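Computed from the coordinates by the stated procedures, all read-outs in this text should not be read as laboratory data. A quick note: this is a predicted structure, and the numbers were derived from the prediction, not measured. We place every Cβ from the backbone using ideal geometry, glycine too, and count neighbours over all the protein chains shown.
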Amino acid sequence: QVQLVESGGGLVQPGGSLRLSCAASGSIFSINAMGWYRQAPGKQRELVATITSAGRTNYADSVKGRFAISRDNAKNTAYLQMDSLKPEDTAVYYCNAGVKRAAWARTSDYWGQGTQVTVSS
């Protein structure tokens, strides 16, 4: 099996920063894209940022210039540096990874359990 464990969420004041981490473990041959998604109360889950195994990144317009996604392939870990946080960034943040469990296997999507980020004064 494959597990994704997020950490780093919490309560922060507007304008503050947080750094989320997502560590993948288990039966992993390779990881393709990794990404962060978020879901606010009463809203659908939305993409925040993604990063390919080669380091190519993609961001939602709402976080461009404020958030930065990165990854450490040797540690199977992705990070999300969040600066200049706004109240509208409040949500549960989920990590996603496209994982191959063997060279011959197809890529399957895995999700973490989510970590709460609350931006409030």
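Given R₀ = 25 Å, what would the calculated FRET efficiency be for Gln113 paired with Lys86, taking r from the Cβ atoms and rounding to 0.05? Here the calculated transfer efficiency is 0.55. For the stretch 12-72, averaging the sequence separation of C-alpha pairs within contact (under 8 Å, six or more residues apart) and dividing by the residue count gives a relative contact order of 22 percent.
Cross-link partners of Lys75 among lysines, defined as those whose alpha carbon lies under 25 angstrom from its own and excluding same-chain residues fewer than eight positions apart: Lys100. Count Lys and Arg as plus one, Asp and Glu as minus one, and take only other residues whose Cβ is under 12 Å from that of Arg66; the net charge is then -2. The distance from the alpha carbon centre of the stretch 75-98 to that of the stretch 4-31 is 6 Å, rounded to a whole number. The 3J(HN,Hα) values that the Karplus relation (6.51, -1.76, 1.60; θ = phi - 60°) gives for the stretch 99-109 are, in residue order, 10, 9, 8, 7, 4, 8, 7, 7, 7, 10, 7 Hz. Gly and Pro appear as x.
Full extension of the chain segment joining Gln13 with Asn58 gains 13.6 nm, where the gain is 0.36 nm per residue of separation less the Cα-Cα distance.
Rounded to the nearest 5, what % of DSSP beta bridges with both residues in the chain are antiparallel? Of all bridge pairs located within the chain, approximately 95 percent are antiparallel.
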